[in-house]
């Protein structure tokens, strides 16, 4: 998939993204709640955080609220998303940096204690994910935590088909045109299975690579950069 085309799609969707995304992603807020619970640092810890594919800053806001000493770098390919992110996170501007770029190619910094990524990495194919996971590992401090929330495939083609059918029903029940969104998904996205991605995380150097949560074709998984 051409990431420039993906970027253009998100430029167009930025202004109604926050209201739209819970209608497209089942248990969206539940996922955020669990990600916060999975962050092992004390609430007063002085941590450096990367939000990769930060969008409008929904997850970054929750982290900045929960960890008042944290500094968050938001990275996204879409300028309009980052403009809204800057507005949404204006109360935290002293602890916030914003960077526009293509995470498959551009540098996104280093020295991170926590990296989170929501609904972003599925735009890369398998080879691209492998390269990114190695890049993320190098960007993190020892003891750093990686938490990825993304759309995934099932362990078999039949399971993928079943999960996608139920996902389409969720979008339809939420008042969305599931046909249009599913066509966009087939055109834009390149999901991989949880099993593949946790294997690639291990190969990149992460310890304790595993899946923390799953519902249909959505999952939260990650690993630790061991001391």
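Every number in this text was worked out from the coordinates using simple rules, so none of it is lab data. All values reported here derive from a predicted model rather than from experimental measurement. Glycine gets a Cβ as well: all are built from the backbone with ideal geometry, and neighbour counts include every protein chain shown.
Mind running the shape call on region 32-82? Use the C-alpha gyration tensor, a ≥ b ≥ c as the square roots of the eigenvalues: rounded below 1.5 for a/c, prolate if a/b tops b/c, oblate otherwise.
In terms of gyration-tensor shape, prolate.
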* **Nearest-0.05 FRET efficiency for residue 99 and residue 134, computed from C-beta distance (R0 25 Å)** => 0.80
* **Difference of contour (0.36 nm per residue) and Cα-Cα distance, residue 127 to residue 46** => 25.8 nm
* Asked: In nanometres, what is the gap between the two model label sites at residue 87 and residue 226, each 7 Å from Cα along Cα-to-Cβ?
  -> 4.7 nm
* For every helix of n ≥ 4 consecutive DSSP H residues, a contribution of -39,500 (n - 2.57) applies; sum these over the chain, divide by its total residues, and give [θ] at 222 nm rounded to the nearest 500 deg cm²/dmol. => -13500 deg cm²/dmol
* **Spin-label proximity, residue 18 to region 52-83 - amide N less than 11 Å from point 7 Å beyond Cα toward beta carbon** => 56-59, 61
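Pop out the Kirkwood hydrodynamic radius of region 102-171 from its pairwise C-alpha distances, inverse of mean 1/r, in Å to one decimal.
Radius from the Kirkwood sum: 13.9 Å.
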* In what order do 173, 18 fall by count of nearby beta-carbon atoms within 10 Å, going from fewest to most? -> 173, 18
* Residues 163, 215, sorted so that the one with the fewest Cβ neighbours within 10 Å comes first -> 215, 163
* Mind checking which of 175, 101, 118 has the largest fluctuation in a GNM of the chain, springs on alpha carbons under 10 Å? -> 175
* Debye-sum result for region 159-203 in log10 I(q)/I(0), which assumes one identical scatterer on each alpha carbon, at q = 0.24, 0.28 Å⁻¹ -> -0.87, -1.00
* **Read-out P(r) over Cα pairs in 10 Å bins from 0, in percent, derived from the coordinates shown; its label in (1) 8, 34, 40, 17, 1; (2) 7, 30, 37, 18, 7, 1, 0; (3) 8, 31, 32, 18, 8, 2, 0, 0** => (1)
* To do: Can you check how the C-alpha radius of gyration of region 100-227 compares to 2.2 N^0.38 Å, as a plain ratio?
  => 1.11
* Asked: Rounded to a whole number of µm²/s, how large is the Stokes-Einstein D of region 36-157 at 10 °C and 1.306 mPa s, given Rh as the Kirkwood radius over C-alpha pairs?
  -> 108 µm²/s
